[in-house]
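Heads up, the thing below is written out as structure tokens.
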Amino acid sequence: MHSKMRRVGLAAAAVTAMLVTAPTAFAQTAPVLEGGKTSPVFGYADSIRERVFIESPYDSDKNGVKDVIAIDIKRPKATSTGLKAPVIMDPSPYYSTLGRGNESQLKRDIDGDGLLDQWPLFYDNYFVPRGYAVILMDMIGTNNSTGCPTVHDESDNLSAKIVIDWLNGRTKGVDKNGVEVKADWHNGKTGLIGKSYDGTLANAVAASGVEGLTTIVPISAIASYYDYTRTNGVIQRDNNYVASLALAVTNPDRRDYCKPVRDALDAADGDDTGDYSDFWAVRDYLKDLDKVKASVFITHGVQDENVRADHFSKWWYGLKERGVKRKLWILRQGHVDPFDGRRAVWVDTIHRWFDHELYGIQNGIDKEPAVDIEESVDNWKSYTDWPIPGTQMTNVFLQSNGATQTLGGSSGGTDATTTFRDNNLSENNYLNLNSNATQQGQKRMFLSPPLKKPLRLSGTAIVDLQASLSKVSSNLTAFIVDYGPSTQTNRSGDGVSTPANATVSCWGESVPDDTGCFKETTKPQQTVTQWRVTKGMMDSKNRNSLRVPEPVTIGSSYKFSWPMLPEDFTFAAGHRVGIVIGANFSGYGSTNGLTQTDVTIDTKLSKIQLPIVGGYSAAVQAGLFGEAVEAPVGGTVPATLSLALGAPATFGAFTPGIDKEYTAQTDATVISTAADAALTVSEPGHLANGAFTLSEPLQVAFSKAAWTGPTSNEKVDITFKQLVKKTDPLRTGAYSKTLTFTLSTTTP
């Protein structure tokens, strides 16, 4: 009896174990939510690793063989038993050269089995356990991909597109043995993320409009490679920079092999002119904004001296015009990943973003304010849009009064012109209030009085300079400067530092060869008495066109207009706002050998358009133009409702015995000073010819019949329609009807 009972007990225990295990495995075929976010239920140590090779349509090295793109995939084990996972992909040229992240991590196959053991960054550690597949793609010509880098020619730009095509079954991929591999575990949605070159590849793929790309998260990314290497015609990166970057990202053992490709880049980059050309057009994603269908989450530092802030602003403005779903973080740092500036919030935000965009989880992130701005060091605030709602472009005139240059709310000053002679100054000499350059007439500095209230800029300032030159061309430079004591994140080192004794924080799971733990960073601060808020420059030859240079006529006056770099900055009360105008700035681009150029500014016409939060009124209240005195000026508008009709409408001759609808037209001119107005017509009734009337009623229609505000001399089309049936008896003579049109209001 006891023996039998034990056997029964063992059997029961075995059945119980099976009942516990089976539901757990089944539950792993879908993400599990905790706190509205995917939770790490899939494991990491047992994740599936793959390397897939995908043939591209490109032959970047011109060897007659199509380039092959190599990707490394890490996905949850559950994708082999039913889980359909979205993809987070970081396409990069840096996995075997410069590395990724603040710690310059490289891809490493430690045991030599052809599969990746060390994965740069934290994306795999964090997202794979939460049900995502992570792909690290080697851009064409780098690491395990074949071909040669072309630095954002089509083969570079669309290498990640080819991977998305493979994920969605539109092209073929194979393993190292040539056996076809299919992504039958994929849910059809892919998000691209990456910093700098990687984020630029994300922008390029989004601008291709490829199906299957759901969202991109470009970090400090380029929107137009022309704007990266030039600024409004000024060459900022010369000496064949594109080819030098191609050299930097190419595997060392392939650099000699790829030299012909680099030579072709050198020959086409136009370093001799700085003008826009077809070479740059293929590297310009702004022209293809109409194709963008993926949502876009941008993050960028306004102190980025590498990929300047106009890349995010132009991309953002264009997406906004086209109604593309978008989100934005603006950092008060340089060329950095938010992971190294606001780590915990960043990881949580992109977690919720990817959950929403790639898994369709309704977590409310799309209902939150779209923009986060670091207003001062580690002081963040959210807004519904950027520039901040309420921002208005405000004209700030450059006034000259002898030895003093000031800012005005209107054209003024005692001098009609002011002249300085360029001497290739450094930034400090341009900005320094006490620089000898001021006394030597090598720049012009227009200053406000100390502000009475804070004044905030949000957006892109525009320089409108009316000037003449003593040479056929010159670069022209402008700075906006904050004069007053403040603490700023240091521009050196991009505003990020890793202390020797830095603590480590972990984001996701780790295995012996791959850790999700990274050193914490700090933001080095400096106390300053002057701070360059933003800057901008142009080549005078490109004042009308970036493609076609036009030298000036010496001594003739021209309008030179160019955008400055975007900013979001608040001048404190007591500080002074400075606008500094120069020419061939030695720290900002090639001077084309032009020095000692006399620049004569027309101070009656020259101005800066500043994006001021609150507009002109805020500028006056802050004291930007000096002491403000209110002087009421006004007038009155009499109540007016005026309606004038055009020429009488006529249908012409009616033809008996056929079905036909006749039309006639006239118009009305409406003037109304009322808060609302309505245009009506008396009952049209029937056209009559003496005692005879038409069987069908007359119809009257207006192109507009209601107003919710004043209007003046607005034309309204009036259309008359008359149906005559073939059975209607018609009497010889004229049919007519007098109608009364009325313009009225309920709110005079």
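With K and R counted +1 and D and E -1, the other residues having a Cβ less than 10 Å from that of residue 504 yield a net charge of 0. Taking all Cα pairs closer than 8 Å and separated by 6 or more residues, the relative contact order of segment 129-262 comes to 23 percent.
Extension gain, residue 727 to residue 651, is 25.5 nm, computed as 0.36 nm per intervening residue step minus the present C-alpha separation. Placing a label point 7 Å from the Cα of residue 719 along the Cα-to-Cβ direction, the residues of segment 672-693 whose backbone N falls under 19 Å of that point are 679-682, 684-685.
(1) 55, 45, 28; (2) 40, 35, 24; (3) 39, 32, 26: which one is semi-axes √(5λ) of the Cα gyration tensor in Å as calculated from this entry? Given (1) 55, 45, 28; (2) 40, 35, 24; (3) 39, 32, 26, the calculated one carries the label (1). The gain in end-to-end length when the residue 103 to residue 680 segment is fully stretched comes to 200.4 nm, 0.36 nm per residue minus the alpha carbon separation.
Each other residue within a Cβ distance under 9 Å of residue 380 adds +1 if Lys or Arg and -1 if Asp or Glu, for a net charge of -2. Computed with a 1.4 Å probe over protein heavy atoms only, the accessible surface of the chain comes to 42 Å² per residue. Computed from label points 7 Å out along Cα-Cβ, the spacing between residue 404 and residue 689 is 8.6 nm. Once C-alpha pairs closer than 8 Å and six or more residues apart are averaged by separation and normalised to the residue number of the chain, the relative contact order reads 11 percent. Taking the DSSP bridge list for the chain and keeping only pairs wholly inside it, about 80 percent are antiparallel.
A cut-off under 11 angstrom between Cβ atoms defines the neighbours of residue 258, and their net charge, with Lys, Arg +1 and Asp, Glu -1, is +1. Go ahead and collect, in residue order, the members of segment 199-225 whose backbone nitrogen is under 13 Å from a label point 7 Å along the Cα-Cβ direction of residue 171. Counting backbone N atoms under 13 Å from the label point, the list is 205, 210-211. Only lysines eight or more places from residue 559 in sequence, or on another chain, were considered; those with a Cα closer than 17 Å are 471, 541, 604, 607. Here segment 104-138 and segment 233-312 have alpha carbon centers that stand 27 Å from each other.
Which of the helices in the chain meet the span-like rule: DSSP H, Cα axial reach of 24 Å or more, Kyte-Doolittle mean at least 0.5? Once both thresholds are applied, what remains is 2-27. From helices alone, the chain scores -5000 deg cm²/dmol at 222 nm; the rule is -39500 (n - 2.57) for each run of n ≥ 4 DSSP H residues, then divide by the residue total.
Roughly speaking, what is the stretch gain from residue 306 to residue 117, that is 0.36 nm per residue apart minus the C-alpha to C-alpha distance, in nm to one decimal?
Residue separation times 0.36 nm, minus the Cα-Cα distance, leaves 64.9 nm.
For the residue pair residue 34 and residue 522, what label-to-label distance in nm results when each label sits 7 Å from Cα along the Cα-to-beta-carbon direction? In this crude label model, residue 34 to residue 522 measures out at 3.3 nm. Sequence gap at least 6, Cα distance under 8 Å: using those rules, report the relative contact order of segment 390-450 to the nearest whole percent. Contact order relative to length: 30 percent.
Going down the list 161/325; 291/320; 453/523; 161/293, which pairs span over 18 Å between their C-alpha atoms? Those over the limit are 161/325; 453/523. Of the accessible area of the chain, computed with a 1.4 Å probe over protein heavy atoms only, carbon and sulfur atoms account for 53 percent.
The values are calculated or read from the model by the stated rules, or taken from the named source; none is laboratory data. Here the structure is a predicted model, which is why all the values come from computation and not from measurement. Counting neighbours? That spans all protein chains shown, and the Cβs are built from the backbone with ideal geometry, glycine included. Accessible surface areas use protein heavy atoms only, side chains included; no ligands, DNA or RNA. Shrake-Rupley method; radii C 1.70, N 1.55, O 1.52, S 1.80 Å.
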